[in-house]
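Comments concern the structure below.
The values are calculated or read from the model by the stated rules, or taken from the named source; none is laboratory data. What you see is a predicted model, and the numbers here were worked out from it, not measured in a lab. Cβ coordinates were reconstructed from backbone atoms using ideal geometry, including for glycine residues, and neighbour counts include every protein chain displayed.
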Amino acid sequence: MKRTIRILAALALVAGAERTAVAQSSASIRAAGMAGASMALARGHEALALNPANLGLPGRPGFSMALPRADVTGAIFGPSLGDVVDIFRAGDDLTDRQRTEFLEKVPAGGFELRTDVQVPWLAVSVGNFAFGATTTALIGGSVGKELIDLLLYVRQYEDVDQNRLNEYRVGNTAGRDALYTTVRAAYGKDVDLPFLSFPVSVGVGARYIVGHELQRLRIYEPRVDLNASEIYLTALAIRSTGGKGYGVDAGISARPLPWLTLGVAVDNVFQQMKWDEGIELRGDEFVGSELDDEDLDELYDRLNPRPFDPTAVPVDAYELARELFTEAYFPRVVRLGAGVQFGGTALGASFAAKQGKGDLHAGWPRTLAVGLEQRLPLLSFLTLRGGVASSLSGASAYSLGTTLRLGPVGISAAATATTGNDEAAAQNTFDGTRFAERLAAASGYGLTLGIEIGGF
């Protein structure tokens, strides 16, 4: 039994840590510092991802550029990061009270880790035109509550609670990730409407997506054969190693007053994403008696990828393969924004909503945000930002940011803290089709730092 528990723990770590690399992500450092409320204020390269119509408004920069950076946002669904650190620090001195208090914070659906990693390689605007490329990883892992209970007990007592054997389950121990690169271009154009006396601009954007990886992992409940006194463990991962897609965006902006900008934008008015169907399989059905003769290196060898052969795979692999492509495309996202600018003071508000299906989405299903930007009067080279956002279902985010300008160069940073809601936490299954919805249950932090040129 102890050997089986150790192997099960190793498989759980493989499921949770396979490229473990989600909270709110933003299109630019400025947007991140304002909790995503800068849609109507976006100018230059920022408009590429927020509203292409802004590229046609008066006052646009002749040139702007954002250099490569990394945006990392991590979130935990269940115990806080501090709770996780404390439980690891306890080591062999873990007490019953610590173990019980930690388990009480784990939702019935299990403990989840989420991370969005975005690497905007480059974003450039020249007049009315902008282009850029970004690599994105959307990753989540889940470990069942009963399995956490079992592993903590074994670590504490170096044995299994024999009186609770019937209670232990693998539960929602699973993982998923998507990795892709988006190449995007946009154009904004002012339009002359004789019945309007203020500037109006329309914009269109096109994106080409290169999929690098789409993967699902799952560990299944052990199967016991009492007649043979044998236990069978199944751990599987299904992966597509490529894909291609496209999307078309559109927007409109207006400036009814010199200090007021309004805008509407729609991401993925049309879109398509096709993943390669020549999938790979990792993992197998493991027999307990065979595992007694295998070390961890041999175990990892059995987890190496191989072509999916329908004639030589465990039955559970068929179900996992069917799940792989479920909603593995991009949803339509509608954005509304308003921005007010008085000299060095800017106030922004925005609303974004995910429409229809599509699971490749890095944010909450709905977001309402407000943010403030202030260039300091006595230190005109320094700008401070702050913002707050709500999922409208109980989750919230708070952001701070700053930019230090050195001539045409700006060094910017932003940090965000998110707090999850209780409504989404009540969901009891690790269901990939509700990835964005469950994100609203997670609490975590985000950080971004980068250099921009022009566009101030």
Strands (runs of 3 or more DSSP E) contained in segment 242-357 and holding at least 2 residues at pLDDT 95 or above: 243-257, 260-275, 332-342, 345-355
Residue that is farthest from Gly247 (Cα to Cα), among those in segment 187-199 that are touching a Lys or Arg at 6+ places or on another chain (Cβ under 9 Å) and crowded, with 18+ Cβ neighbours inside 10 Å: Pro199
Given (1) buried (at least 21 other Cβ atoms within 10 Å of the Cβ); (2) aromatic (Phe, Trp, Tyr); (3) over 23 Å from the mean Cα position of the chain (by Cα), number of the condition Phe330 does not satisfy: (3)
Residue within segment 407-424 that is touching a Pro at 6+ places or on another chain (Cβ under 8 Å) and modelled with pLDDT of 80 or more present: no
Long-range neighbours under 7 Å by Cβ, at least six apart or interchain, first residue of a type in the set (Phe, Trp, Tyr) within segment 181-200, second part of a loop (DSSP other than H, G, I, E, B): Tyr187/Asn128
Residues (modelled with pLDDT under 85 and under 14 Å from Leu113 (Cβ atoms)) located in segment 144-172: Asn172
Criterion: at pLDDT 75 or above, outside any helix (DSSP H, G or I), surrounded by fewer than 24 Cβ atoms within 10 Å (Cβ to Cβ) and among the charged types (D, E, K, R) - qualifying residue of Arg97, Arg89, Arg60, Arg19: Arg60
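Any idea which of Ser412, Ser380 is out of contact with any Asp or Glu (no Cβ under 7 Å at 6 or more places or on another chain) and of a type in the set (Ser, Thr, Tyr)? Can you show your working first?
On the way: Ser412 fails: out of contact with any Asp or Glu (no Cβ under 7 Å at 6 or more places or on another chain).
Result: Ser380 is the single residue among Ser412, Ser380 that is out of contact with any Asp or Glu (no Cβ under 7 Å at 6 or more places or on another chain) and of a type in the set (Ser, Thr, Tyr).
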Single match in Pro107, Pro79, Pro120 (criterion: modelled with pLDDT under 85 and under 30 Å from Ala413 (Cβ atoms)): Pro79
When residues of segment 127-175 are limited to those that are of a type in the set (Ser, Thr, Tyr), surrounded by fewer than 21 Cβ atoms within 10 Å (Cβ to Cβ) and farther than 30 Å from Ala185 by Cα, the one farthest from the chain's Cα centre (by Cα): Tyr157
Leading residue by the ranking (nearest to Trp259 (Cα to Cα)) among those in segment 337-353 that are surrounded by fewer than 20 Cβ atoms within 10 Å (Cβ to Cβ) and within 22 Å of the chain's Cα centre (by Cα): Phe351
Only listed residue being surrounded by fewer than 24 Cβ atoms within 10 Å (Cβ to Cβ), outside any strand (DSSP E or B), aliphatic (A, V, I, L, M) and over 22 Å from the mean Cα position of the chain (by Cα), chosen from Leu41, Leu55, Leu103: Leu103
